[in-house]
Amino acid sequence: MKVAGSLLGLVIVAGIVWLVIKPQFTNGPAGGAPPKQLIDMVGVKTDLAVIGKAERLYLAVHGSYASLEELEQDGAIAFSGADRHGYNFTAEVNDGQHFKITAAPSAPEKQGWPTLWIDETMEEAQQ
């Protein structure tokens with residue numbers, strides 16, 4: 001009888017834990033965003049960091065920052081900025097000494113998703 005009571009108690013505790021944890025797996029940890037959005041946002045942020053590092057390397061070698069096309073032609077990045085993870089990436093280079101890479105949602109299903117950017121400070125931001 002004690003074993004049955006212990007087993008029942010364990011099942012009840014497991015059920016309560018499941019009810020508490022399940023929403024975190026369903027909605028994701030960041031403000032209720034679904035997992036697909038979180039995965040895509042991590043991909044976009046990773047791409048921004050890669051482009052930012054490529055800009056710094058390009059600056060060290062060439063003495064100025066570059067457009068995305070120049071980075072791609074130079075082999076500093078292995079992808080174009082068009083429609084990656086449902087985002088379009090654009091570069092603003094000012095005087096060759098400042099840059100801002102912006103990732104804006106381009107896919108219809110991503111309208112309303114945040115626009116992200118990185119600049120020469122290597123800090124990512126979003127709008």
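The values are calculated or read from the model by the stated rules, or taken from the named source; none is laboratory data. Keep in mind that what you see is a predicted model, and the values were worked out from it rather than measured. Cβ: placed from backbone, ideal geometry, glycine included. Neighbour counts: every protein chain shown.
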Among the residues of the range 72-92, count how many are surrounded by 18 or more Cβ atoms within 10 Å (Cβ to Cβ) and either in a strand (DSSP E or B) or not assigned by TED's automatic domain parsing to the domain that holds residue 45 (or both). 3
Residue pairs within 7 Å by beta carbon, gap of at least six or interchain, first lying in the range 101-127 and hydroxyl-bearing (Ser, Thr, Tyr), second surrounded by 12 or more Cβ atoms within 10 Å (Cβ to Cβ) and part of a loop (DSSP other than H, G, I, E, B), listed first then second, are 102/115; 106/86
Based on what the data block shows, is residue 79 within 16 Å of residue 51 (Cβ to Cβ) and touching a residue at least 40 places away in the same chain (Cβ under 8 Å)? no
Every residue in the range 36-71 that is surrounded by 13 or more Cβ atoms within 10 Å (Cβ to Cβ), acidic (Asp, Glu) and free of Cβ contacts under 8 Å to residues at least 24 places away in the same chain, please. 70
Mind listing just one residue for me: the one in the range 94-115 that is touching a Pro at 6+ places or on another chain (Cβ under 9 Å) and in a loop (DSSP other than H, G, I, E, B) and, of those, nearest to residue 54 (Cα to Cα)? 115
Criterion first (aliphatic (A, V, I, L, M) and closer than 14 Å to residue 50 by Cα) does residue 91 satisfy it? yes
